[in-house]
Amino acid sequence: MQIQVGTDYDLALALKIDARVVRIARHLAAQVELGELGWAPQLRELLSYQKAEAVLGTRAALANLIGIAPVEDRDAVAAAAGKIAGVRQVAPLTLGRQLPAASTSAARQPPGSTGPAPWGRSR
């Protein structure tokens with residue numbers, strides 16, 4: 001037997017998550033129920049949105065929300081974000097240019113260090 005438990009969007013509002021994002025989530029959840037979409041944000045994603053928005057701002061938090069959606073549902077999530085939150089042309093967050101593997105270990109060494117840090121205590 002399987003039991004499906006939905007997200008309590010009223011609780012999300014009580015937790016002071018942006019009402020526009022809760023409306024986006026409700027809209028997407030309705031599409032999931034109709035079988036038009038496969039994913040809608042749950043409370044954990046809404047809480048993650050709230051934390052990201054506090055640090056990075058609305059646009060980056062929406063980009064993160066779009067980025068965590070399955071690839072096949074991202075366009076619908078982006079469209080809902082544009083329509084409901086009024087933020088246009090938000091692309092999912094992606095990784096930028098990465099450091100080459102050889103310089104990664106050098107980046108972690110303290111200035112003036114010529115090699116790996118010794119193990120154990122110094123005497």
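The values are calculated or read from the model by the stated rules, or taken from the named source; none is laboratory data. Values in this document were obtained by computation on a predicted structure and should not be read as measured data. Note: ideal-geometry Cβ built from the backbone for every residue, glycine included; neighbour counts use all protein chains shown.
Got at least one residue in region 91-102 being at pLDDT 95 or above, among the hydrophobic types (A, V, I, L, M, F, W, C) and either assigned to a loop (DSSP other than H, G, I, E, B) or under 15 Å from residue 7 (Cβ atoms) (or both)?
no
Confirm whether residue 44 is within 17 Å of the chain's Cα centre (by Cα), loosely packed, with under 14 Cβ neighbours inside 10 Å and not aromatic (Phe, Trp, Tyr).
Details: within 17 Å of the chain's Cα centre (by Cα): yes; loosely packed, with under 14 Cβ neighbours inside 10 Å: yes; not aromatic (Phe, Trp, Tyr): yes.
So residue 44 passes the test.
In region 1-59, which residues are of a type in the set (Gly, Ala, Ser) and in a loop (DSSP other than H, G, I, E, B)?
The answer is 6, 35, 38, 40, 57.
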